[in-house]
Amino acid sequence: MSATAPVEPRRLRTVAGRFTTGVVAVTALRGSDGAPAGLAVNSFTSVSLTPPLVLFCVARSSSSWPDVRSADRFCVNILGESQRELSARFAASGTDKFGGVPWQPSPGGAPVLDGSIGWLECSVEKEIPAGDHDVVLARVHDLDTRQEDAPLLFYGGLYGRYARL
């Protein structure tokens, strides 16, 4: 066996960025004071139909995840193509993410962002440490589709559009 050089983070990001992902905003009402909190995530996927489970990954350095995590329920908002600016807002740290952003409460009270093409109301089932991120396995309690719009896509560090073949 020959020794191999460690994988450089920038190279991994470049190669993994060749995989197209959708973009979601994970939102909740903070447990301490009921203020809305949220973050953008592009590592989201369905895991199981029975029981209904999804997962996403959150950087351990996230300042927003602890606020979202403090709520009993949160919403995964599937962002539409027209919500690029909203995605950038929710990806930024230390900003007023909800200023002027219209939303409605899910059945459990979590923010469902206006314009989202679908939403899933969830609770944390399990958090799994994984390097500099945590994998969040979440149980789905309620869900629905909303707007008819194309999904917001992310590829190679840029936003893109869906095109039917």
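The set of residues in region 10-34 being without any contact (Cβ under 8 Å) to a residue 60 or more places away in the chain and touching a Leu at 6+ places or on another chain (Cβ under 7 Å) consists of V24, V26. Can you find, within region 77-107, the residue that is surrounded by the fewest Cβ atoms within 10 Å (Cβ to Cβ) among those that are of a type in the set (D, E, K, R) and more than 19 Å from R161 (Cβ to Cβ)? Restricting to residues being of a type in the set (D, E, K, R) and more than 19 Å from R161 (Cβ to Cβ), the top hit is D96. Kindly indicate which of T14, T45, T4, T27 is under 24 Å from Y155 (Cα atoms) and modelled with pLDDT under 95. The match here is T14. On the basis of being in a loop (DSSP other than H, G, I, E, B) and modelled with pLDDT under 95, does S82 make the cut? Considered against the rule, which asks whether it is in a loop (DSSP other than H, G, I, E, B) and modelled with pLDDT under 95, S82 comes out as no.
Of everything in region 29-65 that's in contact with a Lys or Arg (Cβ under 7 Å, 6 or more places away or on another chain) and part of a loop (DSSP other than H, G, I, E, B), which residue is surrounded by the fewest Cβ atoms within 10 Å (Cβ to Cβ)?
Ranking the qualifying residues of region 29-65, first place goes to P51.
Every residue, every condition in (1) over 22 Å from D72 (Cα atoms); (2) touching a helix residue (DSSP H, G or I) at 6+ places or on another chain (Cβ under 7 Å), yes or no:
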| site | (1), (2) |
| --- | --- |
| G17 | yes, no |
| V24 | no, no |
| G34 | no, no |
| G38 | no, yes |
| V41 | no, no |
| T45 | no, no |
| S48 | no, no |
| F56 | no, no |
| A59 | no, no |
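If the condition is being open to solvent by less than 20 Å² (accessible area, probe 1.4 Å) and part of a loop (DSSP other than H, G, I, E, B), then region 116-127 contributes only S116.
The values are calculated or read from the model by the stated rules, or taken from the named source; none is laboratory data. Everything numeric in this text was worked out from a predicted model, so none of it was measured. Don't worry about glycine lacking a Cβ; one is built from the backbone with ideal geometry, like all the others, and counts go over all protein chains shown. The protein model used for the area step is the full one, side chains on, heavy atoms only, and it has no ligands, DNA or RNA in it. Shrake-Rupley method; radii C 1.70, N 1.55, O 1.52, S 1.80 Å.
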